[in-house]
Structures are given as C-alpha cells and as structure tokens.
Amino acid sequence: GAFSEFVFGELKEKAILRFQGPMGTFFLRDNPDHHPLVFMAGGTGFAPIKALIEQLLFTDKNQEIHLYWGVRSKRDIYLADLPEKWQQQFSRFNHAIILSAPEEQDQWQGRTGSVTHAIADDFSDLSQVEIYAAGPPAMIDSGKNLFFPKGLAENRFHYDAFQLAKE
C-alpha cells in the first residue's frame, strides 16, 4: 500500500517516525465466567484470530478454545500446521478447517460448506459461549442470523468485518 511504498521508496535512514498504536475494537474482552470461546475466521481473517488465540494459549491456562476456519479451497489455507500443533500441545484447544468450494485436486476429506453453519451444527445452544469472528461481512451477517436464535447474546459476539479495498 501507500505506506509500504513510502517506507521502501522515500523514507531516509535514521528518520524519526511517530505513530499511534492500534485503536481498533477487536480485542479479547474480560471473561470472568470462563465461557468457552469460539473463534471464527474467514480466509485471511485467520491473522487477527491467530493473534487472539496465541494470547490466550500462553496467558490463560484454563480457557476452552474452539477455532473454526473457513476458506474456499485447500490452497487458501496458510500456516496449515499451526492449528494442528496447537491442538496437540493444548488439550483445551480444538479446531476445524471448513472448505466452502473444495477443488477436485484438493482431495479434501475434511468438512465442507459454510463456516457459520459448521458452528451452528456443532453448538445447539450458544447462550454460554463468546464468539470472536474476523472475515468478510457476509460471513459476519450469516453468523448473526444463525447464532442469535441459538441463544448467543449480542454483547458476546465480537467481530472484525473487513472489506476489500476499492481501487
């Protein structure tokens, strides 16, 4: 983007930069009741979800964590071994990768369909969970439509809906 072009093309050595840290709203909330946490990532939404999960894995030793990561096809999975490594290392962590449009060459044996439907299928009652979601707006909207009727409180659904930049 523009900032990268500035850094690599115009920024002089030893120049002083001043910036203010993130001011977003997508961060872990206090969870004193230790409700199970469900993380839903759509595509590259795995990046912010990964940061939250890593924070939990290494600071909160008791938190139950579920990761649902939806991508179109196998080629869209990056850091594919990381969720499996977490699951082997932490008994309180489990994950599912869901392909919405697997390609024939994927030879995918795992779950397919919608990541939101996978969560809705696995949790008959969402009244005692907290959900963090990052991905496209359509995924977030689908989650709202499926999760709220299953008891998820609106104040327990935290999301970062990102859209593609317009050129």
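Looking across segment 115-161, the residues that are open to solvent by 70 Å² or more (accessible area, probe 1.4 Å) and either basic (Lys, Arg) or part of a loop (DSSP other than H, G, I, E, B) (or both) come down to 124, 125, 128.
Only one of the listed residues (41, 15) is more than 22 Å from residue 147 (Cβ to Cβ) and either without any contact (Cβ under 8 Å) to a residue 12 or more places away in the chain or touching a Phe, Trp or Tyr at 6+ places or on another chain (Cβ under 7 Å) (or both). That residue is 15.
There is no residue in segment 96-114 that is within 25 Å of residue 30 (Cα to Cα) and more than 15 Å from the chain's Cα centre (by Cα). Could you tell me whether any residue of segment 3-26 is charged (D, E, K, R) and closer than 30 Å to residue 131 by Cβ? Looking for residues that are charged (D, E, K, R) and closer than 30 Å to residue 131 by Cβ, one finds none in segment 3-26, hence no. All conditions in (1) in contact with a Lys or Arg (Cβ under 7 Å, 6 or more places away or on another chain); (2) farther than 19 Å from residue 50 by Cα; (3) small (Gly, Ala, Ser) hold for residue 96, with the sole exception of (2).
The values are calculated or read from the model by the stated rules, or taken from the named source; none is laboratory data. Note that this is a predicted model, so its numbers are computed, not measured. Cβ coordinates were reconstructed from backbone atoms using ideal geometry, including for glycine residues, and neighbour counts include every protein chain displayed. Protein only, heavy atoms only, side chains kept; ligands, DNA and RNA dropped before computing areas. Shrake-Rupley method; radii C 1.70, N 1.55, O 1.52, S 1.80 Å.
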